[in-house]
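Asker: Before I ask anything, here is the structure I am working with.
Each reported figure results from applying straightforward, stated rules to the coordinates on display, with no laboratory input. What you see is a predicted model, and the numbers here were worked out from it, not measured in a lab. Don't worry about glycine lacking a Cβ; one is built from the backbone with ideal geometry, like all the others, and counts go over all protein chains shown.
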């Protein structure tokens, strides 16, 4: 993305935060219990199912998937659909596929349900997976039944409607929304295709029993898997600002007309609030009485920042970039090099000077977006 000259010059001068402060944040309070009821209902419906379609957000392809899905529902053929591809930076799509294949997920499709992009690949792949599997007691059934699963707000219902629209030329069969929790129960079968005859089961979003890593929790939160107020709009906006600046993604500067990039959340939100007219009157007690003071509404500005990100107005983003392309930094105290690998691979791995020199030479070839910090 091209920046205004002023913004580009400012970005070059700034030293962005290398780490986001994660201490003191209680992830357990952000996410609802372990949603065991929904998972049990899915298990009870498994005998009616020929295949599983797991839907996840393409902006976090390697983070936040519920491990219980594969443990509990893993006997059935499994297709992973990474939805909202229009909002994700997929320059490293091949690396994503390789990483997922290493986890045993060979069947992966990237989709954009809003424009039905790549959705036409799903039914043929499902048909192929079912055809090459043992259907047991369902072997005599001519129709296929597929369960659609995933964490909240990744587009499960949108995918069902998209497949139905594509193959049957019919409208919405399930409610959709931009907030988690729209689908609250395992629904009855929904026909989405005539030849072959395919029915889908929509299910409620089920998060992992425990989100142990704070950064993974933040990624899930900014993608809208939980209600914003549980995490805090300003906390999420700050994490996004940190991510944008760290990876040199300055579309927010242009979108809000800020003039230059900035790593201080309060400064950014103040500018956003003033630009959007999101201010509030606050009474201040002084020696001469109460005085009404107009202040920026930081929460409203943070909410708009989040909406702009989720709507793709701040550009495509890959929140798992650090997992795909490790960062090497040096400890200020000892000078030792450490790999910053992100929550999935673990952080703080010690790197020898010889390995660091080798990585410095090879990193640009392996991944053009890899950052090596001396």
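Asker: Mind checking the full-extension length gain between residue 143 and residue 307? Use 0.36 nm per residue of separation minus the Cα-Cα distance, one decimal, nm.
Answerer: Gain on extension, residue 143 to residue 307, equals 55.0 nm.
Asker: Please give the Cα centre distance for segment 211-232 versus segment 38-59, rounded to the nearest Å.
Answerer: Answer, in whole Å: 22.
Asker: To continue, here is another question. Suppose R0 equals 56 Å; then what is the FRET efficiency for residue 197 and residue 254 from their Cβ-Cβ distance, rounded to the nearest 0.05?
Answerer: Working: r = 49 Å, r/R0 = 0.88.
The value I calculate is 0.70.
Asker: OK, next. List 105, 230 from most exposed to least, where exposure is judged by having the fewest other Cβ atoms within 10 Å. Could the numbers behind the result be given before it?
Answerer: On the way: 105 17, 230 11.
Arranged by neighbour count, lowest to highest, 105, 230 become 230, 105.
Asker: Could you give the C-alpha radius of gyration of segment 46-96 expressed as a fraction of 2.2 N^0.38 Å, taking N as the number of residues it contains?
Answerer: This ratio for segment 46-96 stands at 1.29.
Asker: Next question, about the same structure. If you build the convex hull over the alpha carbons only and average its shadow over all orientations, what do you get for segment 223-310? Give it in nm² to one decimal.
Answerer: 6.7 nm²
Asker: Here's something else I'd like to know. Find the centroid of the Cα atoms in segment 75-104 and in segment 253-300, then give the distance between the two in whole Å.
Answerer: Using only Cα atoms to place each centre, the spacing works out to 40 Å.
Asker: Is the C-alpha gyration tensor of segment 202-258 telling us rounded, prolate or oblate? Criteria: a/c under 1.5 is rounded; beyond that, a/b larger than b/c is prolate, otherwise oblate.
Answerer: Values: a/c = 2.39, a/b = 2.02, b/c = 1.18.
Here segment 202-258 falls in the prolate category.
Asker: Here is a further query. Would you list 216, 279 from fewest to most Cβ contacts within 10 Å?
Answerer: 279, 216
Asker: Could you calculate the FRET efficiency of residue 188 with residue 103 from 1/(1 + (r/R0)^6), where r is the beta carbon distance between them and R0 is 25 Å, rounded to 0.05?
Answerer: My answer for the efficiency is 0.20.
Asker: Let me ask you something else. Quick one: if the Förster radius is 56 Å, what FRET efficiency do residue 70 and residue 288 give, using the C-beta to C-beta distance and rounding to 0.05?
Answerer: With R0 = 56 Å, the Cβ-Cβ based efficiency is 0.25.
Asker: Label segment 106-153 by shape, choosing from rounded, prolate and oblate, from the square roots a ≥ b ≥ c of the eigenvalues of the Cα gyration tensor; if a/c is under 1.5 it is rounded, and otherwise prolate applies when a/b is larger than b/c, oblate when it is not.
Answerer: prolate
Asker: Could you tell me whether segment 52-180 comes out rounded, prolate or oblate from its Cα gyration tensor? Rule is a ≥ b ≥ c as square roots of the eigenvalues, rounded for a/c under 1.5, then prolate if a/b exceeds b/c, otherwise oblate.
Answerer: oblate
Asker: Between residue 136 and residue 45, what is 0.36 nm times their sequence separation minus the Cα-Cα distance? Round to one decimal in nm. Spell out each step's value before the answer.
Answerer: Values: separation 91, 0.36 × 91 = 32.76 nm, distance 1.50 nm.
Difference between extended and current length: 31.3 nm.
Asker: Still on this structure, please answer the following. Taking the beta-carbon count within 10 Å as an exposure proxy, list 285, 200, 22 from fewest neighbours to most.
Answerer: Ranked by crowding around the Cβ, least crowded first: 285, 22, 200.
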